[in-house]
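Structure record follows, encoded as structure tokens.
The values are calculated or read from the model by the stated rules, or taken from the named source; none is laboratory data. A quick note: this is a predicted structure, and the numbers were derived from the prediction, not measured. Positions of Cβ are generated from backbone atoms using ideal geometry, with glycine treated the same way; all protein chains shown enter the neighbour counts.
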Amino acid sequence: MESVRPEFVPDPSLSHEAMKALQRDIADAAVFDDDFDFDPAAVAVDSPVELLDDTQQRLTDDGPIVAGVDQAFLDDGDRALSAVVALQDGAIVDRTHAVVDTEIPYIPGLLSFREGGAILAALSNLTVEPDLLVVDGSGRIHFREAGLATHVGVTVDVPAIGVAKNLLCGTPVESIPDRMPAGERVPIAADADVTAESGTVIGHAVQTRQYESGSTSINPLSVSPGHRVCAATAADLVTQCTGGYKLPEPTRLADRAADRHKRECLDG
């Protein structure tokens, strides 16, 4: 998989103002509506998938290919390791990873310039063409509507969803309960911190899993469209991909793969 919009490839040498300007251009190029040719109902993982050593299935002619993307860091953050795990019909059909120098520190709102190079390098190593990317990071829930999932999705022009553990910006349209039941969601609307028109739904707080009882609770995920997916469909797809854990299976597997490759790098 190669970059379709090379002008959007993250360049960490840019000034912060130039990065922000590029993000605004990316948001203008992004499509926050459904624009894909697969059946959304076919994107489903009903149970956890095992990340076994070098085990993967052959491609079929059936379901869409969904690739999860997650990152880990080496050398106190000086290098980013991006892992990609591709699923089709609930089975792993490809996996890859790449390690790239980060060059810049973590800056809120400019994460894609720190991690995007590693993600694009890993995606370029895939032997399959994903129909959907599920990225650990924000999509449209971003100050300039161009989070990591949007930046990557637009650059490779593949439908993409951002799945973040914390809400970067925007305001829930209603109070999120302390213990929201699994399957529930609350829209996140643009506010004064977001370039979208105030009140625009830019994503959802999605409760993928919840404890059945007890005093503790599981926090919802912040799910937003990255590119060529609308906010409601992004929430639906993430819910359908949750095979018993909080994280959707594509990013959960990518997270495990990133940790595994990190250990290999440290041991090697």
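Given the condition touching a helix residue (DSSP H, G or I) at 6+ places or on another chain (Cβ under 6 Å) and not basic (Lys, Arg), answer yes or no: does some residue in segment 245-255 qualify? Yes: one or more hits.
If the condition is being surrounded by 17 or more Cβ atoms within 10 Å (Cβ to Cβ), in contact with a Lys or Arg (Cβ under 9 Å, 6 or more places away or on another chain) and touching a residue at least 40 places away in the same chain (Cβ under 8 Å), then segment 74-90 contributes Leu81, Ala83, Val84, Val85, Ala86. Any residue in segment 1-18 that is aromatic (Phe, Trp, Tyr), in a helix (DSSP H, G or I) and at pLDDT 90 or above? Within segment 1-18, one or more residues are aromatic (Phe, Trp, Tyr), in a helix (DSSP H, G or I) and at pLDDT 90 or above. When you look at Ile141, is it on the phi < 0 side of the Ramachandran plot, surrounded by fewer than 19 Cβ atoms within 10 Å (Cβ to Cβ) and in contact (Cβ under 8 Å) with a residue 40 or more places away in the chain, yes or no? So Ile141 fails the test.
Candidates in segment 139-189 are the residues that are part of a strand (DSSP E or B) and of a type in the set (A, V, I, L, M); of these, the one that is farthest from His204 (Cα to Cα) is Ala160. The number of residues in segment 212-242 being assigned to a loop (DSSP other than H, G, I, E, B) and surrounded by 20 or more Cβ atoms within 10 Å (Cβ to Cβ) comes to 5.
Summed over segment 95-138, the residues that are in contact with a Ser or Thr (Cβ under 9 Å, 6 or more places away or on another chain), closer than 19 Å to Ile65 by Cβ and in a loop (DSSP other than H, G, I, E, B) give a count of 3.
Regarding segment 208-224, can at least one residue be identified that is under 24 Å from Glu129 (Cβ atoms), among the hydroxyl-bearing types (Ser, Thr, Tyr) and modelled with pLDDT of 95 or more? Checked against the condition, which is being under 24 Å from Glu129 (Cβ atoms), among the hydroxyl-bearing types (Ser, Thr, Tyr) and modelled with pLDDT of 95 or more, segment 208-224 yields at least one hit.
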